[in-house]
Amino acid sequence: MANEWPRLKRIYDQAEPSDGKRYLVDRLWPRGVGKTEAKLDGWLKELAPSDELRKWYGHVPDRWGEFKRRYRLELKSKANNALLSKLALEQRKETITLLYAAKDREHNNAVVLREELLSKNHPTG
């Protein structure tokens, strides 16, 4: 059964059957996590912020608004837009969970990615 939105979860949190399909959305592989224990259905590093943007942001809370703006611009590329559309369609059919490594659960790229997927599933909303 598909959720109305993708779930967000730290890659360090235990995998659960209710996660559905699990996709890592970070550009770098998380430290201390084995590929088998991650229980991933995919690693969507293409949808992660560029190295330049990731390094600039550095998880500094005062940069969050500008990070979101810049990251959304990166997501508008033709390749990323196609991948986002595919993920949005998949999400309509089954539960997906976007996984990230950041300690901050409210200010990370997965939060922005989720918002973009929501806008694709609800273009008028």
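Touching a residue at least 24 places away in the same chain (Cβ under 8 Å) and aliphatic (A, V, I, L, M), is that true of ALA88? Taking the combined requirement at face value, the residue satisfies it.
Without any contact (Cβ under 8 Å) to a residue 24 or more places away in the chain and either surrounded by 14 or more Cβ atoms within 10 Å (Cβ to Cβ) or touching an Asp or Glu at 6+ places or on another chain (Cβ under 9 Å) (or both), is that true of ARG22? The answer is no for ARG22.
Residues checked against (1) in contact with a Phe, Trp or Tyr (Cβ under 6 Å, 6 or more places away or on another chain); (2) over 21 Å from GLU16 (Cβ atoms):
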| residue | (1), (2) |
| --- | --- |
| LYS45 | no, yes |
| LYS55 | no, yes |
| VAL60 | no, yes |
| PHE67 | yes, yes |
| TYR71 | no, yes |
| ASN80 | no, yes |
| THR95 | no, no |
| ALA102 | no, no |
| SER119 | no, yes |
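Apart from one condition, ASN81 fits all of (1) over 17 Å from ARG10 (Cβ atoms); (2) in contact (Cβ under 8 Å) with a residue 24 or more places away in the chain; (3) of a type outside the set (Ser, Thr, Tyr); (4) surrounded by 12 or more Cβ atoms within 10 Å (Cβ to Cβ); the exception is (2). All conditions but one from (1) touching a strand residue (DSSP E or B) at 6+ places or on another chain (Cβ under 7 Å); (2) on the phi < 0 side of the Ramachandran plot apply to ALA88; the one that does not is (1).
Within the range 53-60, is there a residue that is surrounded by fewer than 16 Cβ atoms within 10 Å (Cβ to Cβ), touching a helix residue (DSSP H, G or I) at 6+ places or on another chain (Cβ under 6 Å) and within 20 Å of HIS107 (Cα to Cα)? Within the range 53-60 (the criterion being surrounded by fewer than 16 Cβ atoms within 10 Å (Cβ to Cβ), touching a helix residue (DSSP H, G or I) at 6+ places or on another chain (Cβ under 6 Å) and within 20 Å of HIS107 (Cα to Cα)), the answer is no, since none of the residues qualifies.
Taken together, the values in this text are just the output of simple stated rules run on the coordinates, not laboratory data. Being a predicted model, the structure only gives us computed values, none of them experimental. Ideal geometry is used to build each Cβ from the backbone, glycine not excepted, and the neighbour counts take in all protein chains shown.
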